[in-house]
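First the structure, in the form of structure tokens, and then the observations on it.
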Amino acid sequence: MERLVLTKHLIIKNLKIIVIVISALFALAGCQTLPPGETADAARPAANATTQAGPARRSVENRATRLPHSNPDDLWGRLQHGMQWQVPENAQVADARNYYLRQRSGLQRVLAERGELYLHFLVEEVERRDLPLELALLPLVESQLNPFAVSSQQAVGLWQIIPSTGKTLGVTSDWWFDGRRDLRDSTRAALDYLEYLYATLDGDWLNALAAYNGGIGRVSRAVASNAARGRPTDFWSLPLPRETRNYVPRLLALSTLIADPEHWAVNLPPLQNRPAFVAVPTGGQLELGRAAQLAGVPKARLQALNPGHLRWATAPHAGDLLVPPDRATAFQQQLAQLSAEQRVQWDHYRVRRGDTLSRIARLFSTRVDLLRAANNLHSNFIREGATLVIPRGDDSALSIASRSGTKIPEARDYKVRPGDSLYRIAGRFKVRVEDIVAWNALNARAPIFPGQQLTLYVGDG
């Protein structure tokens, strides 16, 4: 693949982010953590790595011509039209493609239910940066397009960003809001990071993807090691961990299925080439339950579009909410009529002799961790006569993180059994049906089927 010449936009962007990502040279954006002993010097590629091994051999090649875009209303056509890589046919790609074909029905369902919500936005953002549209499919590999996905290493969201990388990239994460879950914030951060990796790793997209999963230090050392030995430095030639060797071919294999679904007998659900949401200014903090009511949108759908909000209300620093386009005008009109008292409601309670946070939490049907967070308490100690603010509103787990002040409940994969229903599963794991719908971006009116994979968040955190 010919080396992509960085545009003025990309150069400026890289200059801006190089300061904030310098510590992320050793942090990972994906599910992995940096191995012990990683150092800054080790993470940097050798300055003469390419010259030692001769010109870098590209891992993928650009298509000579793009696929025709015959139907401007079809999102799949737009995606196919913007794909830039000629994927090599090798055993790794074939194995990865067979992996998806064995789960063809699950893939199709994910594309139908979550693709409708998120894929247009991802395509739009990748295209706006003039990047290969194959990158819009990366969240399918990372999280199955689930913004509520959480890995064992606490990688979160569509793009599976770990806390340290999120912080380095300037993603807001506080008690109210986690930008790693937010569609816009996480996508901006992930694409910034991918552009940085691409530029740093000599314009090789597959090596950049490998670094996204396995760490830039590990990939840079592998490149330098191969170069020093006179070996090729393309992805296929690098000595990398098994997970990373499997990770990159999965994106390539997925792109071949999307590019030619008929050949592979994959039924792509119809997806309109239009936005699934618009941003509406809220004019201040707003209870999410009330927002759903005002917008005429089911709570689960509002949550699926705004997964970054961790509590019963929008974050004080959040200026808008995402809603379906056809509900935006009505939502704006309703917001204009809303008084300050109707936005977020708090009770105030004066601490009495003998009171404890546990007793007060029971009195107001809330939780100790919420009381501590809302009142900036660092322990359960409270003084007689002190006034506490009590969050009042729909604090019934509008998102998974509202179950705990600091920890995220355990993510569990559940395979639907014969005879299962959402109500039975909710009862078995002591969660709500609407939460299961939101966590998996399901259509509440569509039946679930045996073998379907669901993500549940269970436990007391």
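Here, each number is a calculation from the coordinates, and none is a lab measurement. Everything numeric in this text was worked out from a predicted model, so none of it was measured. In this analysis, Cβ positions are derived from the backbone assuming ideal geometry, glycine residues included, and neighbour counts consider all displayed protein chains.
Starting from the amide H of Leu158, placed 1.01 Å from N in the peptide plane, find each other amide H under 5 Å away whose residue is 5 or more places distant or on another chain.
none
Give me the net charge for the shell around Trp159: Cβ to Cβ below 9 angstrom, other residues only, Lys and Arg +1, Asp and Glu -1.
In short, 0.
Per residue of the range 84-94, in order, report the coupling 6.51 cos²θ - 1.76 cosθ + 1.60 (Karplus, θ = phi - 60°) as ³J(HN,Hα) in whole Hz, putting x for Gly and Pro.
Listing the rounded values in order: 10, 9, 8, 6, x, 8, 9, 5, 5, 5, 4 Hz.
Measure out, as a whole number of angstrom, how far apart the alpha-carbon centroids of the range 338-352 and the range 124-189 sit.
When both Cα centres are located, 34 Å separates them.
List the relative contact order of the range 280-342 as a percent without decimals, with contacts defined as Cα pairs under 8 Å and 6+ residues apart.
RCO, the range 280-342: 49 percent.
Could you tell me which of rounded, prolate or oblate describes the range 410-458, using a ≥ b ≥ c as the square roots of the eigenvalues of the alpha-carbon gyration tensor, with rounded for a/c under 1.5 and, failing that, prolate when a/b is larger than b/c and oblate otherwise?
Verdict is rounded for the range 410-458.
Counting Lys and Arg as +1 and Asp and Glu as -1, each charge on the Cβ, what is the dipole of the range 140-216 about the Cα centre in debye, to the nearest 20?
So the magnitude is around 200 debye.
Check each of the GluC sites (Glu not before Pro) in the range 218-296 and keep only those in coil by DSSP with at most 11 other C-beta atoms within 10 angstrom; list them in order.
Loop-located and lightly packed - Glu262.
With charges only on Cβ, +1 for K and R and -1 for D and E, what is the dipole size of the range 345-395 about its Cα centre, in debye, rounded to 20?
240
How would you order 359-366, 210-217, 190-197, 112-119 from highest to lowest mean count of nearby Cβ atoms within 10 Å?
Descending mean neighbour count gives 210-217, 190-197, 112-119, 359-366.
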